[in-house]
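The values are calculated or read from the model by the stated rules, or taken from the named source; none is laboratory data. Nothing here was measured: the structure is a model prediction, and the numbers come from that model. Note: ideal-geometry Cβ built from the backbone for every residue, glycine included; neighbour counts use all protein chains shown.
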């Protein structure tokens, strides 16, 4: 009986200890949960009560500091700095906490301590793109451009996804493409293209051309479609000579034929020997509803033709295939094409349109082909305007006004060319 009594006492003691241990663990779990709940509430008073429950939690102090910075109704930058100081005091090797502290110091005007905090962040994570980015932008704000650009360059090498932000930041600061190329951007094809795309979006042809030439100097193959934003910019900017040069360079860099078209024609791929590039200075097709496109048997002259099939399902406003063509102002040109139709319905059939897309100084429509016609030459002579640097050549069909207005039938086009005369048109006498 005595042994049974001792066993019973030991069991009670074990249960008692287990109960107290469970109670302590439960209390700690509840405290941690409550602290986390309050810290994540984003309400300053609740967050303060949360960090009071877990004062050694560096992440909680950092979150509280960022909440103070974001509380625009009751800004407390000094309080935020104090919170960030507590965070780095508890975890001194966190680059994120040091960067937050640097922002806090800069917000209260303590630039030396902000610089020191950023240097501590760099020491904690030397290879971090975000640390280098933060430090570089801090230096730019302090007018230390050379070192700031160097730090941004370091950030881009570590994380190329920062290139668009870097191009935007540095361009608005310097307006100098050579600074971008020589001090900021790594010598990288993708980075250069992103810079060109930025210039294209902002309507900046001159710096885009500088970056393009640097890109070509890398001597690497270039995917043709990546040159399209630059060429679109040059078309919109009326820079015909630049567009012609860039187009030839882009074709060469893509490993494609880049010699001038035969017979001195300014139309690229006018014999349709190659599929459409759908951009640049080649043909484009915009996939309109009610029309399909394919390449067909050779013309009598030997070139390949384009066949357009209209299924009768739409009153089609056709504006393609189309091509932008660089030309000279005040110059005489001869346009030629071959056109064949079969069963084209309604009063509006298929024709060619030649216009000046930027100045509307040229507006030519060739004969309207309806019904069925054998291969027929289409020829027209005209003079460009005094400011014309591009022509837009399109296959057109205008919407019909007839009751039965759905377009049906097939059209073939081929042998398209545009040739300049030998002499420019003299300016009108005053």
**Q.** Checklist (1) surrounded by fewer than 14 Cβ atoms within 10 Å (Cβ to Cβ); (2) closer than 29 Å to residue 346 by Cβ; (3) in contact (Cβ under 8 Å) with a residue 24 or more places away in the chain; (4) in contact with a strand residue (DSSP E or B) (Cβ under 6 Å, 6 or more places away or on another chain) applied to residue 294, failing item
**A.** (3)
Q) Hey, among 116, 69, which residue is within 23 Å of residue 139 (Cα to Cα) and either in contact (Cβ under 8 Å) with a residue 24 or more places away in the chain or not assigned by TED's automatic domain parsing to the domain that holds residue 139 (or both)? A) 69
Q) Of the numbered conditions (1) in contact with a strand residue (DSSP E or B) (Cβ under 8 Å, 6 or more places away or on another chain); (2) without any contact (Cβ under 8 Å) to a residue 60 or more places away in the chain; (3) on the phi > 0 side of the Ramachandran plot, residue 330 satisfies every one except a single condition; which is it? A) (2)
Q.
Condition first: touching a residue at least 12 places away in the same chain (Cβ under 8 Å), assigned to a loop (DSSP other than H, G, I, E, B) and over 23 Å from residue 278 (Cα atoms). Now tell me which residues in the stretch 205-241 satisfy that.
A. 218
**Q.** Qualifying positions in the stretch 249-268 - within 16 Å of residue 225 (Cβ to Cβ) and without any contact (Cβ under 8 Å) to a residue 40 or more places away in the chain
**A.** 249, 250, 251, 252, 253, 254, 255, 256, 258
Q: Within the stretch 130-147, count every residue that is closer than 17 Å to residue 103 by Cα and in a helix (DSSP H, G or I).
A: 12
(Q) Contact list please: Cβ distance under 8 Å, first residue in the stretch 176-204 and closer than 21 Å to residue 145 by Cα and not assigned by TED's automatic domain parsing to the domain that holds residue 136, second residue part of a helix (DSSP H, G or I) and at pLDDT below 95, pairs at least six apart or on different chains. (A) none
Q. If you check residue 365 against the conditions, is it farther than 16 Å from residue 306 by Cα, within 37 Å of the chain's Cα centre (by Cα) and at pLDDT 95 or above?
A. yes
Q | Residue among 257, 288 that alone is assigned to a loop (DSSP other than H, G, I, E, B) and exposed (fewer than 14 other Cβ atoms within 10 Å of the Cβ) | A | 257
(Q) Going by what's in this entry, would residue 273 be described as outside the structural domain of residue 352 (by TED's automatic domain parsing), surrounded by fewer than 19 Cβ atoms within 10 Å (Cβ to Cβ) and either within 23 Å of residue 343 (Cα to Cα) or at pLDDT 95 or above (or both)? (A) no
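Answer with yes or no whether residue 120 is under 23 Å from residue 57 (Cα atoms) and out of contact with any strand residue (DSSP E or B) (no Cβ under 6 Å at 6 or more places or on another chain).
Considered against the rule, which asks whether it is under 23 Å from residue 57 (Cα atoms) and out of contact with any strand residue (DSSP E or B) (no Cβ under 6 Å at 6 or more places or on another chain), residue 120 comes out as yes.
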Q. Just to be sure, is residue 104 within 14 Å of residue 138 (Cα to Cα) and free of Cβ contacts under 8 Å to residues at least 12 places away in the same chain?
A. no
Q.
Taking the criterion of being touching a residue at least 12 places away in the same chain (Cβ under 8 Å), surrounded by fewer than 20 Cβ atoms within 10 Å (Cβ to Cβ) and in a loop (DSSP other than H, G, I, E, B), would at least one residue in the stretch 155-169 satisfy it?
A. yes
(Q) Can you tell me which of (1) surrounded by 14 or more Cβ atoms within 10 Å (Cβ to Cβ); (2) in contact with a strand residue (DSSP E or B) (Cβ under 8 Å, 6 or more places away or on another chain); (3) outside the structural domain of residue 374 (by TED's automatic domain parsing); (4) not in a helix (DSSP H, G or I) is the one residue 309 doesn't meet? (A) (3)
(Q) I need the strands (runs of 3 or more DSSP E) fully contained in the stretch 326-404, keeping only those with at least 2 residues that are farther than 21 Å from residue 280 by Cα. (A) 331-344, 363-365, 371-383
